[in-house]
Amino acid sequence: MKSNNFDSIAHLYDETRQYPEFVYENIFKLIEALGQLDSKEAKICEVGVGTGRMAIPFIKKGYAYTGIDISNNMLSKFKDKIANIDHINQVEVFQADATHLPFENSRFDMVWGTKVLRHISNWKGVLQEAKRVLKENGVFLHGEEYWVVAPPTVKVRRQWEKFIFEQNERPNRPFGVTDDHEIAKYLEEIGGKSRILTLSTWPVHETFLQKIEHFATRAGSSTFGISDEALENSVEKLKQWAYHEYGNLNYPYSGIRGFRVVMGTFDS
């Protein structure tokens, strides 16, 4: 089983993946409603919990929360956040493999994760495990960001990959699934009912320099395994390309980002 481990970028993960505060609030409220969750009783498991950026609203409201991840450095960041929250309910943190969850059957009311299935080759095994540890009528959710309206800065990725290939190296590709419909289809194959829902959208303002810096600082998993020399060369070429095509690298282009979930429910 192959998966991406984010140990190397735990120190900058949050600052490179922040949503506006209202987006976290929207996601939390709608997930709570979709799962018909009661903070006094419901038990939640998040696979690929990382630094806990999606977990904090649930924990602050008093949910019994279990987070697992394969990255010890990411979990350390999560534990630091928990330590600064007063009056929390039961919170458990495990360094574990999402395809072999260390829990008994029928333990949780909801199992969920954000973008985690794209980083695990045996993503179907994750869904099978989620079904196993869910209670009857439990809910599985997998969240993913997407572009509703994409700014021209998204072209940076394709150009970066081109420059990396020119140096006889290969970008790190997702090991898992990148299509929400494939997730929905498999949930139905293992006995669930599925829906795909957008929970929030928000405006984004992004410069070419900001996008290029995402690669320069290795903030994205696509840079994992790329040599320092190839990365430095590709970043310099990116700057030259962007300046030639668009001029001012600090001009903020506007787009609209969205967050959607694949929802799976199991009646028995």
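The values are calculated or read from the model by the stated rules, or taken from the named source; none is laboratory data. Bear in mind that the values here come from a model prediction, so they are computed numbers and not experimental data. Note that we place each Cβ from the backbone using ideal geometry, even for glycine, and neighbour counts take in every protein chain shown. Quick note on the areas: whole protein, heavy atoms, side chains included, nothing else; ligands and nucleic acids left out. Shrake-Rupley method; radii C 1.70, N 1.55, O 1.52, S 1.80 Å.
Consider Ile68 against the criteria (1) open to solvent by 20 Å² or more (accessible area, probe 1.4 Å); (2) touching a residue at least 12 places away in the same chain (Cβ under 8 Å): it satisfies all of them except one. Which criterion is unmet?
(1)
Looking at region 159-179, I want the residues that are more than 30 Å from Gly143 (Cβ to Cβ) and have a partner that is small (Gly, Ala, Ser) with Cβ atoms under 6 Å, at least 6 apart or on another chain. Which pairs are those?
So the pair list comes out as Phe163/Ser234; Gln167/Ala230; Glu169/Ala230.
Restrict the check to region 12-32 and report whether at least one residue is within 27 Å of Ile212 (Cβ to Cβ) and of a type in the set (A, V, I, L, M).
So far as region 12-32 goes, yes, one or more of its residues are within 27 Å of Ile212 (Cβ to Cβ) and of a type in the set (A, V, I, L, M).
Any residue in region 28-43 that is of a type in the set (A, V, I, L, M, F, W, C), in contact with a helix residue (DSSP H, G or I) (Cβ under 7 Å, 6 or more places away or on another chain) and crowded, with 20+ Cβ neighbours inside 10 Å?
No; the residues of region 28-43 include none that is of a type in the set (A, V, I, L, M, F, W, C), in contact with a helix residue (DSSP H, G or I) (Cβ under 7 Å, 6 or more places away or on another chain) and crowded, with 20+ Cβ neighbours inside 10 Å.
Quick check: anything in region 229-251 among the polar types (S, T, N, Q), open to solvent by 70 Å² or more (accessible area, probe 1.4 Å) and within 26 Å of Phe28 (Cα to Cα)?
no
Quick one: what pairs do we get from region 79-106, first residue of a type in the set (Gly, Ala, Ser), second part of a loop (DSSP other than H, G, I, E, B) and open to solvent by 40 Å² or more (accessible area, probe 1.4 Å), C-beta under 8 Å, 6+ apart or different chains?
Going by the 8 Å Cβ cut-off, the qualifying pairs are Ala96/Ile70; Ala96/Pro102; Ala98/Ile70.
Among the residues of region 1-41, count how many are among the small types (Gly, Ala, Ser), out of contact with any Leu (no Cβ under 8 Å at 6 or more places or on another chain) and more than 22 Å from Ala83 (Cα to Cα).
The number of residues fulfilling the criteria is 3.
Is at least one residue of region 254-261 open to solvent by less than 70 Å² (accessible area, probe 1.4 Å), without any contact (Cβ under 8 Å) to a residue 40 or more places away in the chain and not aromatic (Phe, Trp, Tyr)?
no
Being modelled with pLDDT of 95 or more and over 30 Å from Phe140 (Cα atoms), is that true of even one residue in region 253-265?
Yes, the conditions are met somewhere in region 253-265.
Looking only at region 113-122, which residues are assigned to a helix (DSSP H, G or I) and surrounded by fewer than 24 Cβ atoms within 10 Å (Cβ to Cβ)?
Just the residues of region 113-122 that are assigned to a helix (DSSP H, G or I), to begin with: 116-119.
Passing the criteria: Arg118, His119.
For region 88-111, state whether one or more residues are open to solvent by 10 Å² or more (accessible area, probe 1.4 Å) and on the phi > 0 side of the Ramachandran plot.
yes
Return the only residue of Lys131, Lys135 being under 15 Å from Gly264 (Cβ atoms), touching a residue at least 60 places away in the same chain (Cβ under 8 Å) and touching a Phe, Trp or Tyr at 6+ places or on another chain (Cβ under 7 Å).
Exactly one of Lys131, Lys135 is under 15 Å from Gly264 (Cβ atoms), touching a residue at least 60 places away in the same chain (Cβ under 8 Å) and touching a Phe, Trp or Tyr at 6+ places or on another chain (Cβ under 7 Å), namely Lys131.
So which of Asn105, Asn89, Asn122 ends up being polar (S, T, N, Q) and under 22 Å from Phe175 (Cα atoms)?
One residue alone meets the criteria, Asn122.
Residues Leu249, Leu199, Leu238: which one is touching a helix residue (DSSP H, G or I) at 6+ places or on another chain (Cβ under 6 Å) and over 24 Å from Glu161 (Cβ atoms)?
Checking each option against the conditions leaves just Leu199.
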